[in-house]
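Following: one structure in structure tokens, then a few remarks.
Bear in mind these aren't lab numbers, they're just calculated from the coordinates by the rules spelled out. As the structure is a prediction and not an experimental result, all values here were calculated from the model. Here the Cβ is made from the backbone with ideal geometry for all residues, glycine too, and neighbour counts use every protein chain on show.
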Amino acid sequence: MKMGFRWYGEGNDTVTLDQIKQIPGVESIVWALHDMAAGEEWPMEKILKVKEATDKYGFNLDVVESVNVHEDIKLGLPTRDKYIENYKKTIEKLAKVGVKVICYNFMPVFDWLRTDLYKEAEDGSTALFYEKAKINDIDPMELVNKIASNPDLTMPGWEPERLKNLSQLFEAYKNVTEEDLWNNLKYFLEQIIPVAEINDIKMAVHPDDPPWSIFGLPRIVKDRNDLARLLKLVDNPYNCLTLCSGAIGSNPNNDVPAMIREFGNRIAFAHIRNVKIYENGDFIETSHRTCDGSLDICDIVKAYHEVGFTGYARPDHGRHIWNEQCRPGYGLYDRALGIMYIWGIWDSLQRNK
């Protein structure tokens, strides 16, 4: 298992590369060009600028999260082909700096959804929180304004320029079914995977977060059956998964360790985090520790060890602790603690082989 740490770039992150360098076992920076709109071809000079910054600290750039998929591709519009061509050109450029995995998602409109970015826990820490009842009553635009309220630290998937036309996006998806979305994903993968294979880059889809329909929008990467279907759409070892335990695991019916054991050879990237799920369907993100949430992080890491996982992993969202002022879910302290918890489990499994 190779450990990475998500970083939003110089001037766009409260966490610095020299701080990340001091976290044991972190080899790579999980990165993206966050100022690029979905569908745009990434300029080589911007890619090289990230490489120049990370080379100083000996990090590799093996994992990109994310090269976002344009809504026209998800909608299956005639304009999708030009955006797919841009995606192919970006893949070719990323291969030149050693990228091995591209994490992406196929969620309509919203990449992820929470109702509170700073829900306070009993110990005084705060974390991302999903309140099921509020989703049933809230105006989506109210959520957009809330999540995009800090212009200095934009949230991935909630870029203001993309969501300013929210009503038009909802109108466009009004008659799009899950089968339509499956067909559009198949079209995308049939075009992209051959280019990814030639360039030795694995395309790793992220599950829907949360893994159920929101605001009536179709969602198709929600459970074990969806993962199996997706891998068969284009049955190629470069068509892979980003298995996010916290995203897909927020539905208690999803058995994350079982998915790892079944699909281990097609998991290119692992997001490891815990969530506490309440009986009413609410959930909050917790520390990585098993006893603090509803997911068995010990068994999740054990499952990766059992399948001989040699892919990339990162701690996913962390709590906000010790008065850290940071992008919601992406501070230094709790994610660093998460890495050490994961390594502790992994090292004990290595010793007892």
If Y330, Y83, Y57 are placed from fewest to most neighbouring beta carbons inside 10 Å, the sequence is Y57, Y83, Y330
Going by C-beta contacts inside 10 Å, put K222, K302, K56 in order with the fewest on the left. K56, K302, K222
Compute the signed sum of charges (Lys and Arg +1, Asp and Glu -1) over the other residues within less than 11 Å, Cβ to Cβ, of T126. -4
Exposure rule at most 12 other beta-carbon atoms within 10 Å, DSSP loop GluC sites (Glu not before Pro): the chain longest free segment: 123-278
Using 24 Å as the Cα-Cα cut-off, could you pick out the over-long pairs in K119/K174; K56/K302; K2/K353; K74/K232; K132/K302; K134/K222? K119/K174; K56/K302; K132/K302
Using modelled backbone amide H atoms (1.01 Å from N, in-plane), which distant-in-sequence or interchain residues come within less than 5 Å of C244's amide H? H271
Could you list the chymotrypsin sites (Phe, Trp or Tyr not before Pro) in the stretch 202-277 that lie in coil according to DSSP, counting only those with at most 15 other Cβ atoms within 10 Å of their Cβ? W212
About the Cα centre of the stretch 2-351, what is the dipole size in debye to 20, counting +1 per Lys and Arg Cβ and -1 per Asp and Glu Cβ, all else neutral? 700 debye
Please state the relative contact order of the stretch 2-351 as a whole percent: Cα pairs under 8 Å, 6+ residues apart? 17 percent
Rounded to two decimals, what is Rg over Rh for the stretch 197-353 when you use alpha-carbon atoms and the Kirkwood radius? 0.97
Rounding to the nearest 20 debye, state how big the charge dipole of the stretch 1-145 is about its Cα centre with +1 on each Lys and Arg Cβ and -1 on each Asp and Glu Cβ. 660 debye
Based on other C-beta atoms within 10 Å, arrange C240, C291 from fewest to most. C291, C240
Check: C-alpha center the stretch 272-350 vs C-alpha center the stretch 65-132, spacing in Å is 20 Å
Environment charge of K82, counting only residues whose C-beta is closer than 14 Å and scoring Lys/Arg +1, Asp/Glu -1: -3
Within the set T90, T242, T286, GNM on the chain using Cα springs under 10 Å gives the largest fluctuation to T90
Which value results when the Cα radius of gyration for the stretch 230-278 is divided by 2.2 N^0.38 Å? 1.21
Towards the positive end of the charge dipole of the stretch 295-350, with charges on Cβ (+1 Lys, Arg; -1 Asp, Glu), say which of P315, V301, L332 has the farthest Cα. L332
When the distances between all Cα atoms of the chain are binned every 20 Å from zero, what whole-number percent does each bin get? 31, 64, 5
Which of the DSSP-defined H helices in the chain satisfy a minimum axial length of 24 Å, computed from C-alpha atoms, and a minimum mean Kyte-Doolittle hydropathy of -1.0? 178-198, 333-351
